[in-house]
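The values are calculated or read from the model by the stated rules, or taken from the named source; none is laboratory data. Everything numeric here is computed off the predicted structure, so don't read it as measured data. Here the Cβ is made from the backbone with ideal geometry for all residues, glycine too, and neighbour counts use every protein chain on show. Accessible surface areas use protein heavy atoms only, side chains included; no ligands, DNA or RNA. Shrake-Rupley method; radii C 1.70, N 1.55, O 1.52, S 1.80 Å.
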Amino acid sequence: MSNLQTPILDHIVILVSHKALLDLSKHTEGQFTLAPGGNHADGLTTNKLILLADGVYLEFIAFFDDIDPERRRAHRWGNEKENTIIDWAFTLRSEDDFGAVQQRFKGAGTEASYTDPIPGGRTKPDGTVLKWAVCVPQIAHGKVVPGSLPFWCLDRTPRANRVPYQVEPQLTEHPNGIQGISSVLVHVPKEESSSFKGAYDAIFGGAWDYQVPSASETGTHTVTLSEGDAAVRLVFSGSKQGQVELLPGLIFDIEGQ
């Protein structure tokens, strides 16, 4: 497969309450350096980020408390469990390359597919307007649980504005030594595993290996599918082996270098 269509791990989405988001610095102090996020264009959500040296980032997202409950329920993340990883995203060097991904799905033995690009964006605290398009997984008969398949986040303004890990490298320096994401493990129900395997085969067009924005070779950069209750697990790469607690009870391993 052409490197142009090799999936690039973009970010991991973690849902929290609005209060928890406002207090996030208290929990991450001594572990992570926080980067400012902003409010999304739909007016429903706001976020803060943790930028990693490999160019991937963690997005802590929260719904505003005063929004219409019906609007929250209608949002694809509105009914997900707080304090968990609820989704994750790939990107590509250019939005134009996404057509090749869609073509692979047309020839694959799976009921899953992706929507055409849907415009999105947010405004940073400094007033910088970010624009992108998302492509969301869908399935012919039923609903895709968020996180079971990644979505795609395709930039329409420079990614460096959205993820300034090279412009502001100090934001990627974390006391716990974490430098990137080595691998992603996705749990799906046993009865759906074969269907999802076909979808992942179509995403990758070969081995289930992803790239990272910085082109770092640190870590295995693999995606693995496992049977179980729907969930997404990470293994981080860092300067020392150990574990990290992203939120109370949300603990992941770190592979030391």
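What to note about this one:
- Subset tally (residues that are surrounded by fewer than 20 Cβ atoms within 10 Å (Cβ to Cβ) and either within 16 Å of the chain's Cα centre (by Cα) or of a type outside the set (K, R) (or both)) for region 9-20: 3
Each row is one residue, and each column tells you yes or no for (1) in contact (Cβ under 8 Å) with a residue 40 or more places away in the chain; (2) in contact with a Leu (Cβ under 6 Å, 6 or more places away or on another chain).
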residue	(1), (2)
L154	yes, no
P158	no, no
Y165	yes, yes
L171	yes, yes
I178	yes, no
P189	yes, no
P213	yes, no
L234	yes, no
S237	yes, no
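- Condition broken by A53, with the remaining ones in (1) in contact with a helix residue (DSSP H, G or I) (Cβ under 6 Å, 6 or more places away or on another chain); (2) at pLDDT below 95 satisfied: (2)
- Applying the condition of being β-branched (V, I, T) and under 20 Å from Y165 (Cα atoms) to region 210-234 and asking which residue is least open to solvent (accessible area, probe 1.4 Å) yields V212.
- Beta carbons closer than 7 Å, at least 6 apart along the sequence or on distinct chains, pair a first residue in region 30-43 that is at positive phi and open to solvent by 50 Å² or more (accessible area, probe 1.4 Å) with a second that is modelled with pLDDT of 90 or more and part of a loop (DSSP other than H, G, I, E, B) for G30/P175.
- Candidate set from region 71-120 (those that are small (G, A, S) and part of a helix (DSSP H, G or I)); member that is surrounded by the most Cβ atoms within 10 Å (Cβ to Cβ): A100
- Scanning region 63-101 for residues that are touching a residue at least 24 places away in the same chain (Cβ under 8 Å) and of a type in the set (S, T, N, Q) gives N83, T84, T91, S94.
- Looking only at residues in region 158-209 that are among the aromatic types (F, W, Y) and in a loop (DSSP other than H, G, I, E, B), the one that is most open to solvent (accessible area, probe 1.4 Å) is W208.
- Among the residues of region 22-47, those that are closer than 19 Å to H75 by Cα and in contact with a strand residue (DSSP E or B) (Cβ under 7 Å, 6 or more places away or on another chain) comprise G38, N39, H40, A41, L44, T45, T46, N47.
- All strands (runs of 3 or more DSSP E) inside region 212-255 with 1 or more residues being over 21 Å from A53 (Cα atoms): 222-227, 231-238
- Against the list (1) open to solvent by 10 Å² or more (accessible area, probe 1.4 Å); (2) in contact (Cβ under 8 Å) with a residue 24 or more places away in the chain, the condition L24 fails is (1).
- Picking from residues in region 1-49 that are of a type in the set (S, T, Y) and at pLDDT 90 or above, the one that is farthest from V244 (Cα to Cα) is T45.
- Scanning region 55-70 for residues that are open to solvent by less than 10 Å² (accessible area, probe 1.4 Å) and either assigned to a loop (DSSP other than H, G, I, E, B) or over 24 Å from A35 (Cα atoms) (or both) yields G55, V56.
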